[in-house]
Amino acid sequence: MISYKGEKTKLRPIRISDIEKSIEWRNNPDIRENALGYRFPVTEKMEDKWYESALDDQSRTKTIFAIETIEENTLIGFIHLNQIDWISRRCYFGITIGEREYQGKGMGPDSMRILFNYAFECLNIRKICLEVASFNDSAIRSYRKFGFIEEGTLKEHLYLEGAYHDIVLMRIFDSEFRDKYKSA
């Protein structure tokens with residue numbers, strides 16, 4: 001089985017046995033709101049269909065990995081590239097560290113280095129983009145520290161809990177990533 005390893009985490013393809021954790025995380029309001037994903041409760045049947053679709057996907061416009069700890073082989077989250085544009089050589093990125101005890105422990109950046117090496121070296125992507133809610137200060141700080149640069153803001157683009165919020169657009173080019181993480 002394909003597996004990519006970092007210092008703390010390893011990435012592997014998603015599998016059906018991940019559904020239970022996926023449902024738990026996607027139904028957690030804190031995770032759902034920060035991930036800017038599907039805004040409604042997720043049922044087991046809905047998740048089964050999504051997994052079946054994701055596992056059978058032949059579009060070549062996305063790749064999804066499970067994040068596991070190296071030491072315990074514990075599933076702690078998911079990381080993905082989507083909207084891959086092969087002509088422009090760019091894509092969007094997303095990550096969820098669903099297990100609270102692993103948040104803020106460097107698991108996200110470690111997983112990102114693995115995925116971005118894969119994207120830039122194997123897939124020949126040159127620009128990775130992301131969108132983050134302007135109220136998610138910890139994520140924005142983390143992305144900046146990783147090397148992402150703000151490209152713009154979508155004003156009042158997200159409606160959540162009775163108010164409109166801005167979405168911050170960020171990006172990192174392959175050359176910027178390689179300069180910062182030469183030994184990665």
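So the values come out like this:
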item: Hey, residue 104 modelled with pLDDT under 95 and either under 23 Å from residue 68 (Cβ atoms) or touching a helix residue (DSSP H, G or I) at 6+ places or on another chain (Cβ under 8 Å) (or both) or not; result: yes
item: Hey, residue 158 more than 17 Å from the chain's Cα centre (by Cα), part of a strand (DSSP E or B), surrounded by 12 or more Cβ atoms within 10 Å (Cβ to Cβ) and modelled with pLDDT under 95 or not; result: yes
item: Test: residue 54 is closer than 21 Å to residue 16 by Cβ and touching an Asp or Glu at 6+ places or on another chain (Cβ under 6 Å); result: no
item: Selected residue (criterion: modelled with the highest pLDDT) from residues of segment 7-52 that are within 16 Å of the chain's Cα centre (by Cα) and small (Gly, Ala, Ser); result: 22
item: Filtered residue count, segment 39-68, keeping only those that are touching a residue at least 40 places away in the same chain (Cβ under 8 Å) and aromatic (Phe, Trp, Tyr); result: 1
item: Within segment 69-118, tally of residues that are farther than 19 Å from residue 12 by Cα, of a type outside the set (D, E, K, R) and touching a residue at least 60 places away in the same chain (Cβ under 8 Å); result: 0
item: Residue 131, sole failed condition from (1) crowded, with 19+ Cβ neighbours inside 10 Å; (2) not in a loop (DSSP other than H, G, I, E, B); result: (1)
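The values are calculated or read from the model by the stated rules, or taken from the named source; none is laboratory data. Because the structure is a prediction, the values reported are computed rather than measured. Note that each Cβ is placed from the backbone with ideal geometry, even for glycine, and that neighbours are counted across all protein chains shown.
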